[in-house]
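Colleague: The structure that follows is given in the form of structure tokens.
The values are calculated or read from the model by the stated rules, or taken from the named source; none is laboratory data. This one's a predicted model, so the numbers in the text were calculated from it and none came from an experiment. Note that each Cβ is placed from the backbone with ideal geometry, even for glycine, and that neighbours are counted across all protein chains shown. Accessible surface areas use protein heavy atoms only, side chains included; no ligands, DNA or RNA. Shrake-Rupley method; radii C 1.70, N 1.55, O 1.52, S 1.80 Å.
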Amino acid sequence: MPQEKKRRTSVVQAGIGTDKAYKAVISPLYMSSTFEIAGIDQRSTYEYSRTRNPTRDELVNAISTLEHGIGGCVTASGMAALTLIIHLLNPDDLIIAPFDCYGRSYRLLCALSEKGHFKLEFIDQYDPATVEEAFKAKPKMMLIESPSNPVMRTADIAHITKCAKACGTIVAVDNTFLSPMLQQPLKLGADIVFHSTTKFLNGHSDVVGGCVVTSDKDILTDLEFWANSLGLIGAPFDSYMTLRGMRTLELRIHRAQENAQIIAELLDQHDKVDTVYYPGLPAHPGHEVAKRQQDGFGAMLSFEIKGAKQNTIDFVDHLEIFRLAQSLGGTESLINHPASMTHVSMGEEARAKAGVTDQLLRLSVGVEHIDDLCDDLTQALNKTG
Ligand code: PLP
């Protein structure tokens, strides 16, 4: 409990009271691309904003504290965060990733492995025996996305990191779906945690950004080198906005997950709905693992509408509050059709394997009044064939 109290306070205090010049309560935004140097034989912490920027540092320090890391890098997007991490690999290194990861992560990994940047294998990380078998190939890196986007499978992070330690494998976890308020992968033994800060961390659907945090000094040195060399860094203004959004993370995510649990139970009971994928439902295959390793079940869920694809199209058309959109993690509720949107680039075969059917819909549940959200879903289901 004291730990929880500390984290709650530290998220609200992100970037507060750090201004030494004027004692501004909210830390200022440093837009300057360059900083004056005292003399040609002198170096200072801030010289050029691609390398280091005070506002970006405020954000990385805040996320790093929440994730129990020692530091990291703020990047221009979640994809830039993944790009940065995979630059730790050499052409002979093997990276293992989940077969059902975010469609654009899947596409990036495939495209770079085809160019010879590294060797790549996708596995079912939800089966402990498959995981143990995969480590026999001595991978350099194991990528985890838990819960996975969009089918909400839950990987046992502690089990995977235990296997990884024995092989010297770096474990990197995409924590976008839960945020550090609900899961801290570094505490479960991972070496790297990363985010699309576009989502819950910023939380207002008005910034695209990313972040990578590590618990390892050597990895941090490499990450900082590649972030600077490749220029993957995020803009100071985006960092300022993300810090601003993050201060309400704890309030937002708890309200949104309360709503999500009620919606999952409502959909689970509805005769026009097939499977509901939400780890907060006791029948979900990852329920026990989620209970053990998460501080909540989160605000994301997926479900299938019964019958032909047309029923799914009709249902979405009838919604009034849930908006059809690509992103997630904002205060407003959104709905997504992964097969034609976020996971289209995966290809049909990989989608089928991952369970991304034409009837599957993903909800990012917001913080609106629960009655309005339930009414919206119910009226749209009632009008659906
Ligand atoms: N990881 C996950 C789980 C995502 O859902 C997304 C985007 O939807 C990303 C990474 C990529 O983030 P971004 O869109 O900020 O590049």
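Colleague: Taking the criterion of being in contact with a Pro (Cβ under 8 Å, 6 or more places away or on another chain), open to solvent by 30 Å² or more (accessible area, probe 1.4 Å) and more than 30 Å from Glu348 (Cα to Cα), would at least one residue in the stretch 70-92 satisfy it?
Modeller: no
Colleague: Name the single residue that is farthest from Leu373 (Cα to Cα) among those in the stretch 338-352 being in a helix (DSSP H, G or I) and more than 14 Å from the ligand (Cβ to nearest atom).
Modeller: Going through the qualifying residues, I end up with Glu349.
Colleague: Evaluate the following for Arg52: is it open to solvent by 70 Å² or more (accessible area, probe 1.4 Å) and closer than 29 Å to Ala76 by Cβ?
Modeller: So Arg52 fits the description; yes.
Colleague: (1) in contact with a helix residue (DSSP H, G or I) (Cβ under 7 Å, 6 or more places away or on another chain); (2) away from the ligand (no atom under 12 Å from the Cβ): which one isn't true of Cys211, the others all being true?
Modeller: Only one criterion is unmet by Cys211, namely (2).
Colleague: Does the stretch 212-220 contain any residue that is open to solvent by less than 10 Å² (accessible area, probe 1.4 Å) and not polar (S, T, N, Q)?
Modeller: Yes, that holds for at least one residue.
Colleague: In addition: Restricting to the stretch 110-140, what's the tally of residues that are within 16 Å of the ligand (Cβ to nearest atom) and open to solvent by less than 40 Å² (accessible area, probe 1.4 Å)?
Modeller: 3
Colleague: Sticking with this one: Taking the stretch 214-239, which residues are out of contact with any strand residue (DSSP E or B) (no Cβ under 9 Å at 6 or more places or on another chain) and of a type in the set (Phe, Trp, Tyr)?
Modeller: Phe225, Phe237
Colleague: Then there is this: Looking only at the stretch 180-200, which residues are away from the ligand (no atom under 13 Å from the Cβ), assigned to a loop (DSSP other than H, G, I, E, B) and in contact (Cβ under 8 Å) with a residue 60 or more places away in the chain?
Modeller: Residues satisfying the conditions are Pro180, Met181, Leu182, Gln184.
Colleague: Name every residue in the stretch 297-315 that is over 26 Å from Val207 (Cβ atoms) and not aromatic (Phe, Trp, Tyr), in order of residue number.
Modeller: Glu304, Ile305, Lys306, Gly307, Ala308, Lys309, Gln310, Asn311, Thr312, Ile313, Asp314
Colleague: Turning to a different aspect of this structure: Any idea how many residues of the stretch 150-193 are touching a Leu at 6+ places or on another chain (Cβ under 7 Å) and open to solvent by less than 10 Å² (accessible area, probe 1.4 Å)?
Modeller: Qualifying residue count, the stretch 150-193: 9.
Colleague: Could we say that Gly203 is open to solvent by 10 Å² or more (accessible area, probe 1.4 Å) and either within 14 Å of the ligand (Cβ to nearest atom) or modelled with pLDDT of 95 or more (or both) here?
Modeller: No; evaluated as a whole, the condition is false for this residue.
Colleague: Answer yes if at least one residue in the stretch 366-380 is farther than 29 Å from Glu250 by Cα, of a type in the set (D, E, K, R) and open to solvent by 20 Å² or more (accessible area, probe 1.4 Å), and no otherwise.
Modeller: No, every residue in the stretch 366-380 fails to be farther than 29 Å from Glu250 by Cα, of a type in the set (D, E, K, R) and open to solvent by 20 Å² or more (accessible area, probe 1.4 Å).
Colleague: Here's a follow-up. Which number in (1) under 30 Å from Val356 (Cα atoms); (2) within 14 Å of the ligand (Cβ to nearest atom); (3) touching a helix residue (DSSP H, G or I) at 6+ places or on another chain (Cβ under 7 Å) marks the one condition that Val74 misses?
Modeller: The single condition Val74 does not satisfy is (1).
Colleague: Moving to a separate point now. Tyr30 versus (1) touching a Pro at 6+ places or on another chain (Cβ under 7 Å); (2) loosely packed, with under 10 Cβ neighbours inside 10 Å: which is the lone unmet condition?
Modeller: Every listed condition holds for Tyr30 apart from (2).
Colleague: Check whether at least one residue in the stretch 170-179 is out of contact with any helix residue (DSSP H, G or I) (no Cβ under 9 Å at 6 or more places or on another chain) and within 16 Å of the ligand (Cβ to nearest atom), and report yes or no.
Modeller: Yes, the conditions are met somewhere in the stretch 170-179.
Colleague: Check off (1) away from the ligand (no atom under 12 Å from the Cβ); (2) within 16 Å of the chain's Cα centre (by Cα); (3) not assigned by TED's automatic domain parsing to the domain that holds Ile219 for Ser64 and give me the number that stays unchecked.
Modeller: (3)
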